[in-house]
Amino acid sequence: MVLIGLSRIRFAFLLGGLLVVALAVGPFTFLSLYGLNVIFFLLIFASLAQSYDIVGGLTGYINLGHITFFGIGLYAFGIFINMRIGPLFSFMLGVPVVALFAAALSIPFLRLRGFYFAVATLALVGLLDLAVGSNALAPITGGFAGIRIVAQNNQFASYYLALALTVVTTLSVYLIRTSKFGRGLLSIRDDEQIAEVWGVNTVLYKRLALIISAIFAGFAGEVYLWFLTIVAPSTVLGLDVTFRPVTIALLGGTGSVIGPLIGSLLFSVIDQGLITQVSYFSRGVIGIIFLLVGLAAPGGVVGFIKTQMVRRFAISRQRVSRVRNRP
Amino acid sequence: MAAAPPLAELVLNSLLLGGIYALTSLGFSIVFRVVGILNLAHGDLVMVSGLFAYLVFTSDLMPFTIRLLFVILLIPLFAAFGLAFERVLIRPLLRKPPNEALLSSVLVTLGFSLVLQDVWANSFGTLQKSITSESLGLPIITVAGLTVASSRLLALLFIVIASILLFVFVRKSYVGKAMRAISQDREAAMFLGVNLPNTSMITFGLGTSLAAVGGILLVIIQSVAPFSGLPLTVKALAVIVLGGTGSMIGPLIGGIALGSAETLSAFFIDPYWSPGIAVIILVAVLLLRPTGLVRR
Amino acid sequence: MKASSKRAVTTIAAAGISIALLVVGLVGGYYAAIATTSPKIVEKTVELPTQTIKIGMTISKSGPFAPLDSDYDKFNKAWQDWINGQNMVIANKRVKFEVTSLDDSSDAAKAVQLYTRLATQDKVDILVSPYSAFFGLQLIPIAEQNQVPLIMAEASTATMWTAGNKWIMTSMVPYWEKGLNGWSATYFDMLEKNNWPKTIAFVGWDIPWAGDDHKSSVALAQKMGLQVIYDVLLQPNFANPDFTAQITALKGLNPDIVYLSMFGPFSAQFIKQANDQGFRPKEWHSIEFGAAFLPTLGSLANGVTSEIFWTPNFSFYQTDIFKQLLNQAGMDWRVWQWVELRMIIFQMIVQAVQDSAIRNPADSFSKASINDALHKLQMMTISGPLIVQSPGYGTVGLVPIQIQNGNIVTIWPTNLADATYVHP
């Protein structure tokens, strides 16, 4: 059992490493510009879902407003780069802005529990949309017409940044899970009061989790703007996009390291494949897949595979024992 | 016109808006409380009921009274649909631990809502559907200088009566008591012999029939469209959080609070920022009373 | 004498030769012109190489924008069938047109991916923007980087034309301008002549296009001396917006005209809700009356003024064909209000391909050449003359219309009007 577990992790690392290398050489070899675009958005949503899962999956706080961190990062980066301080400094300065925002937010919001936390964070998305689109902030945010940065061909650079971001986010989630911090978060998810009794500093842990998840999401926002060069507020702060990190994480399997990655892969493939082949009922097909995954697999696709493996393993062991017990 | 004091009318109209919010949230709220799942297709069910009401009302085949009868028949029809929906799509989730059931329900109901949207858009077109109250003979009433749409008044009256009836139902009847017991402590209720599957099925049917009523009135008051369901569900989330999920009259209180907050802030402060002000009020209420305005 | 007669002979010969050359040149030029410029039916015996011009776009078949443009797909198909039935020959090639329309689901990220696909993988020659200016803005970098001309359909806003973009253009006037070109310029012109209103109120949505129209119209109203007594921009709400507060405020102010700059279905909601609250100004003006506007309001729509780029009584160029295509597509111009812009775009494309063949015979069908031709267009459209200006925007403006007894009638300018403006 231990051996299998170990080899599985090694196998995952090996496979992941190969995948990253393939994606890294992709733009020079097999990947068209369209393919690069599709994978870029896949990576952005993968890192969004992955970073969402630090709070949603590990800590058990469903943050429906995760996209606000993405938006703050995006706008902070845009405003900095329009101040002509260069992309490098803009990327670097955007991160503390998002972290500070998350820290400030965590003080009131983390007092809320479960369902109430989810709805309060969801409400925040609308507030941010309102603020950046307003006439008052239009001189720096571009108002309803969206924020625009000096157009350069940043697509390749942003592709690699997105790839790096996804890798770093995934590794961080893995490291967090295996650390004392991660076990603390899991104990909060299982029972916050008991965790507190056992000496977990729940307030600090939750706050840290929120800040870490916000930093990754904010960075994703920065890369997103660098790639697109123009982003209108309602296209990132609308309802469809708001729910996406959550649905992708749920689809793949929330609370597992590779779940969000699988979720975004599945989502992108279905989405792009369907849209370009059949022009009708694409929404319906995605809906049916959500429905089936929701019914069949509590832990998303990853959970489904896991239960199947456990069942098969159990059956084979049963057989073995049956064979052994034969007189 | 001069006789109409705008302030009184504003307050009255914000109450009526609150009634609409409550109407579209009540079914969502009881399903969340008793069955323990989020029905993200609730808004879409409201929309579909509105669509059916629209199709019946605008058909020229039958006299008006028969059309009205058919529209009213939508309510038991939706209740039956709710029972079937629970049996097929929700029941399997309820065997899981509550937390997993809640998360799975998000996927299942969101998936169902996407299917519903696509089927509608491809069979009835994407345009908004709406009926004017004139065409149904619903008058605009003027009382003491205050002008009120009777459709809105009807919505508020209905929701107040429905909330009170539900309140009584939950206190007095056996099924109602079972619902209350489940919403307070699921395991203890099961231990005491409450029929959990049946109760949740009935609750679901009640929820969808309330969605049907919401749709019928919404198509008269505002409009219905294939892709407007999810925003309505999100609104319902805000309403039940504001009112608190602890009580049957929570949605009514939450709806009126949200309706008044939006309308009054748009009138007195700034129409652009009023959705934001509503958000700030929502968060402030939650921080002061982390389980909503109405306590258990 | 000899010398002079010799000179006379050479003179006559020279004259004869030059006349002959002139005749040959004229006749040759005439035939060459026929062969290269005007489309004509070619006998089946002549086998010409085929050149396919690919046009790519996305349409929102689902999501919040779907009620505004989901059926444009049908029009694209009708046009494609018709134009390919014309057997068009340009620069000795049989030209076919192929329109690809994908579904962006009202999702900007998806639109970006699909336009990249259209530009790089499907290698379309010309891109047409989706409905919303939100998306149109985000697609400009794709057109610029991949050097594919992008025609803005219903999407145009000031910032598109000030950034020095080289690959985008539109047929529409710069309607965000606060003077002659404003969205409702002709409407305010008409009001000035009629001179009945004293006060006006503005309610609009804070989005590109609607916000642009709102601001340009406030300026126009002030210029003609109307008193602007209410002016608010709202956060857009695509689901079920409620206007109780605005309506109550307007009721207290009682303006002569209420000018609504929102998408048609939501203007209709405003008017419907106002009616329910017992408020009816002397005139409603909505910047859009398409989509669900008329079905929502029924008789309440009577007297509402609005504007449009084309009505069936226009008779500039190919109006009959446009009507026939709408018929084939099963579309009502009163519901899919901006479909005329799609027709104008197709007219622009055909004209640009023809112009490109004349201007640049060596490389007629290249994207650069077509882009150049699109930027220099001077042509007639279903909505009148179009001259594309140097930043990329056009000259096609709007005419005011009024809904009278369920019909849409043109009320201004006098040479196009088919009914008289009804006002208090």
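The values are calculated or read from the model by the stated rules, or taken from the named source; none is laboratory data. No experiment lies behind these values; they were computed from the predicted model shown. A quick note on method: Cβ atoms are made from the backbone with ideal geometry, for glycine too, and the neighbour counts reach across all protein chains shown.
Spot the failing condition for residue A:33; the list is (1) under 30 Å from residue C:142 (Cα atoms); (2) in contact with an Asp or Glu (Cβ under 8 Å, 6 or more places away or on another chain), and only one is missed.
Residue A:33 satisfies every listed condition except (2).
Can you tell me which of (1) hydrophobic (A, V, I, L, M, F, W, C); (2) surrounded by fewer than 22 Cβ atoms within 10 Å (Cβ to Cβ); (3) more than 12 Å from chain A (Cβ to nearest Cβ) is the one residue C:151 doesn't meet?
(2)
Please pick out the residue among A:104, A:136, A:99 that is assigned to a helix (DSSP H, G or I) and within 14 Å of chain B (Cβ to nearest Cβ).
So the residue among A:104, A:136, A:99 that is assigned to a helix (DSSP H, G or I) and within 14 Å of chain B (Cβ to nearest Cβ) is A:104.
Examine region C:263-270 for a residue that is more than 14 Å from every other protein chain (Cβ to nearest Cβ) and out of contact with any strand residue (DSSP E or B) (no Cβ under 8 Å at 6 or more places or on another chain), and state whether such a residue exists.
Taking region C:263-270 and keeping what is more than 14 Å from every other protein chain (Cβ to nearest Cβ), we get none.
No, region C:263-270 contains no residue that is more than 14 Å from every other protein chain (Cβ to nearest Cβ) and out of contact with any strand residue (DSSP E or B) (no Cβ under 8 Å at 6 or more places or on another chain).
All but one of (1) within 12 Å of another protein chain (Cβ to nearest Cβ); (2) not in a helix (DSSP H, G or I) hold for residue C:228, so report the exception by its number.
Of (1) within 12 Å of another protein chain (Cβ to nearest Cβ); (2) not in a helix (DSSP H, G or I), only one is false for residue C:228: (1).
So residue A:150 ticks every box in (1) surrounded by fewer than 17 Cβ atoms within 10 Å (Cβ to Cβ); (2) in a helix (DSSP H, G or I); (3) over 25 Å from the mean Cα position of the chain (by Cα) but one. Which box is left unticked?
Of the numbered conditions (1) surrounded by fewer than 17 Cβ atoms within 10 Å (Cβ to Cβ); (2) in a helix (DSSP H, G or I); (3) over 25 Å from the mean Cα position of the chain (by Cα), the odd one out for residue A:150 is (2).
If a residue must be assigned to a helix (DSSP H, G or I) and either at pLDDT 95 or above or within 32 Å of the chain's Cα centre (by Cα) (or both), how many such residues does region C:251-270 contain? Can you show your working first?
Step one: of region C:251-270, the residues assigned to a helix (DSSP H, G or I) are C:251-253, C:264-270.
Then drop every residue that is not either at pLDDT 95 or above or within 32 Å of the chain's Cα centre (by Cα) (or both), which leaves C:264-270.
Going through region C:251-270 one residue at a time, the tally reaches 7.
Output the residue which, of all residues in region C:271-289 that are in contact with an Asp or Glu (Cβ under 8 Å, 6 or more places away or on another chain) and part of a loop (DSSP other than H, G, I, E, B), is farthest from the other protein chains (Cβ to nearest Cβ).
Filtering region C:271-289 for residues that are in contact with an Asp or Glu (Cβ under 8 Å, 6 or more places away or on another chain) and part of a loop (DSSP other than H, G, I, E, B), the one farthest from the other protein chains (Cβ to nearest Cβ) comes out as C:287.
So which of A:161, A:171, A:175, A:124 is within 12 Å of chain B (Cβ to nearest Cβ), within 19 Å of the chain's Cα centre (by Cα) and modelled with pLDDT of 90 or more?
Working: A:161 fails: within 12 Å of chain B (Cβ to nearest Cβ); A:171 fails: within 12 Å of chain B (Cβ to nearest Cβ); A:175 fails: within 12 Å of chain B (Cβ to nearest Cβ).
Among A:161, A:171, A:175, A:124, only A:124 is within 12 Å of chain B (Cβ to nearest Cβ), within 19 Å of the chain's Cα centre (by Cα) and modelled with pLDDT of 90 or more.
Does residue A:251 satisfy the condition of being in contact with a Ser or Thr (Cβ under 9 Å, 6 or more places away or on another chain), hydrophobic (A, V, I, L, M, F, W, C) and at the interface with another protein chain (Cβ under 10 Å from one of its Cβ atoms)? Outline the logic, then answer.
On the way: in contact with a Ser or Thr (Cβ under 9 Å, 6 or more places away or on another chain): yes; hydrophobic (A, V, I, L, M, F, W, C): yes; at the interface with another protein chain (Cβ under 10 Å from one of its Cβ atoms): yes.
Taking the combined requirement at face value, the residue satisfies it.
Filtering region B:123-152 down to residues that are of a type in the set (S, T, N, Q) and part of a helix (DSSP H, G or I), which residue is farthest from the other protein chains (Cβ to nearest Cβ)? Give the derivation first.
Within region B:123-152, the first condition is being of a type in the set (S, T, N, Q), and the residues that meet it are B:123, B:126, B:128, B:130, B:132-133, B:135, B:142, B:147, B:150-151.
Applying the additional criterion that residues be part of a helix (DSSP H, G or I) yields B:123, B:135, B:150-151.
Values: B:123: 11, B:135: 6, B:150: 9, B:151: 7 Å.
Going through the qualifying residues, I end up with B:123.
With the condition kept exactly as written, say whether any residue in region C:207-218 is at the interface with chain B (Cβ under 10 Å from one of its Cβ atoms) and under 30 Å from residue B:149 (Cβ atoms).
For region C:207-218, residues at the interface with chain B (Cβ under 10 Å from one of its Cβ atoms) and under 30 Å from residue B:149 (Cβ atoms): absent.
Write out, first by first residue and then by second, each pair whose Cβ atoms fall under 7 Å of each other, whose residues are 6+ apart or on separate chains, and whose first residue, in region A:155-182, is surrounded by fewer than 22 Cβ atoms within 10 Å (Cβ to Cβ) while the second is in a helix (DSSP H, G or I) and hydroxyl-bearing (Ser, Thr, Tyr).
A:181/A:205
Pairs needed: first member in region C:316-337, hydroxyl-bearing (Ser, Thr, Tyr); second member anywhere, in a helix (DSSP H, G or I); C-beta distance under 9 Å; at least 6 residues apart or different chains.
Short answer, once both residue conditions are applied: C:317/C:347.
For every residue, the table says whether it meets (1) of a type in the set (A, V, I, L, M); (2) at pLDDT 80 or above; (3) closer than 26 Å to residue C:124 by Cα.
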position: C:28; (1), (2), (3): no, no, no
position: C:37; (1), (2), (3): no, no, yes
position: C:44; (1), (2), (3): no, no, no
position: C:52; (1), (2), (3): no, yes, yes
position: C:66; (1), (2), (3): yes, yes, yes
position: C:74; (1), (2), (3): no, yes, yes
position: C:80; (1), (2), (3): no, yes, yes
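Of the conditions (1) in contact (Cβ under 8 Å) with a residue 60 or more places away in the chain; (2) out of contact with any Lys or Arg (no Cβ under 8 Å at 6 or more places or on another chain), residue A:26 fails just one. Which one is it?
(1)
Yes or no, residue by residue, for (1) assigned to a helix (DSSP H, G or I); (2) of a type in the set (A, V, I, L, M, F, W, C):
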| residue | (1), (2) |
| --- | --- |
| A:17 | yes, no |
| A:50 | yes, no |
| A:56 | yes, no |
| A:60 | no, no |
| A:64 | no, yes |
| A:67 | yes, yes |
| A:70 | yes, yes |
| A:73 | yes, no |
| A:77 | yes, yes |
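Taking the stated definitions as given, is residue B:64 more than 25 Å from residue A:298 (Cβ to Cβ), away from every other protein chain (no Cβ under 14 Å), of a type outside the set (Gly, Ala, Ser) and surrounded by fewer than 17 Cβ atoms within 10 Å (Cβ to Cβ)? Reasoning before the result, please.
Numbers: more than 25 Å from residue A:298 (Cβ to Cβ): yes; away from every other protein chain (no Cβ under 14 Å): yes; of a type outside the set (Gly, Ala, Ser): yes; surrounded by fewer than 17 Cβ atoms within 10 Å (Cβ to Cβ): yes.
Spelling it out, residue B:64 is indeed more than 25 Å from residue A:298 (Cβ to Cβ), away from every other protein chain (no Cβ under 14 Å), of a type outside the set (Gly, Ala, Ser) and surrounded by fewer than 17 Cβ atoms within 10 Å (Cβ to Cβ).
Take the residues in region A:257-283 that are crowded, with 23+ Cβ neighbours inside 10 Å, more than 10 Å from every other protein chain (Cβ to nearest Cβ) and among the small types (Gly, Ala, Ser), then tell me which one is nearest to residue A:298 (Cα to Cα).
So the residue we want is A:259.
Does region A:82-92 contain at least one residue that is farther than 22 Å from residue A:242 by Cα, of a type in the set (A, V, I, L, M) and in a helix (DSSP H, G or I)?
Going through region A:82-92, the residues farther than 22 Å from residue A:242 by Cα turn out to be A:82-92.
Imposing the further condition that a residue be of a type in the set (A, V, I, L, M) reduces the set to A:83, A:85, A:88, A:92.
Filter once more, so that each one left must be in a helix (DSSP H, G or I): A:88, A:92.
Within region A:82-92, one or more residues are farther than 22 Å from residue A:242 by Cα, of a type in the set (A, V, I, L, M) and in a helix (DSSP H, G or I).
For residues in region B:88-122 being part of a loop (DSSP other than H, G, I, E, B) and more than 7 Å from chain A (Cβ to nearest Cβ), which is farthest from residue A:191 (Cα to Cα)?
Taking region B:88-122 first, the residues part of a loop (DSSP other than H, G, I, E, B) are B:95-97.
Keeping just the survivors that are more than 7 Å from chain A (Cβ to nearest Cβ) gives B:95, B:97.
Numbers: B:95: 21, B:97: 14 Å.
Going through the qualifying residues, I end up with B:95.
Among the residues of region A:230-248 satisfying the criterion of being within 26 Å of residue C:145 (Cα to Cα) and hydroxyl-bearing (Ser, Thr, Tyr), which is farthest from the other protein chains (Cβ to nearest Cβ)?
Within region A:230-248, the match that is farthest from the other protein chains (Cβ to nearest Cβ) is A:234.
Among the numbered conditions (1) surrounded by 22 or more Cβ atoms within 10 Å (Cβ to Cβ); (2) modelled with pLDDT of 95 or more, tell me where residue A:99 comes up short.
(1)
For residue C:315, state whether it is out of contact with any helix residue (DSSP H, G or I) (no Cβ under 8 Å at 6 or more places or on another chain) and surrounded by 23 or more Cβ atoms within 10 Å (Cβ to Cβ). Walk me through how you get there before you give the answer.
Working: out of contact with any helix residue (DSSP H, G or I) (no Cβ under 8 Å at 6 or more places or on another chain): yes; surrounded by 23 or more Cβ atoms within 10 Å (Cβ to Cβ): no.
No; evaluated as a whole, the condition is false for this residue.
For region C:335-384, which residues satisfy the criterion of being in a helix (DSSP H, G or I), aliphatic (A, V, I, L, M) and over 13 Å from the mean Cα position of the chain (by Cα)? Step through it out loud before you land on a result.
If we filter region C:335-384 for residues that are in a helix (DSSP H, G or I), which is where we start, we get C:339-359, C:361-363, C:367-375.
Next, from what is left, pick out any that are aliphatic (A, V, I, L, M): C:339, C:341, C:343-345, C:348-350, C:352-353, C:357-358, C:362, C:368, C:370, C:373-374.
C:350, C:352, C:353, C:357, C:358, C:362, C:368, C:370, C:373, C:374, listed by residue number.
Among the residues of region C:111-121, is any more than 10 Å from every other protein chain (Cβ to nearest Cβ), out of contact with any Cys (no Cβ under 8 Å at 6 or more places or on another chain), closer than 27 Å to residue C:50 by Cβ and among the β-branched types (Val, Ile, Thr)? Full working, then the answer.
If we filter region C:111-121 for residues that are more than 10 Å from every other protein chain (Cβ to nearest Cβ), which is where we start, we get none.
Taking every residue of region C:111-121 in turn, none turns out to be more than 10 Å from every other protein chain (Cβ to nearest Cβ), out of contact with any Cys (no Cβ under 8 Å at 6 or more places or on another chain), closer than 27 Å to residue C:50 by Cβ and among the β-branched types (Val, Ile, Thr).
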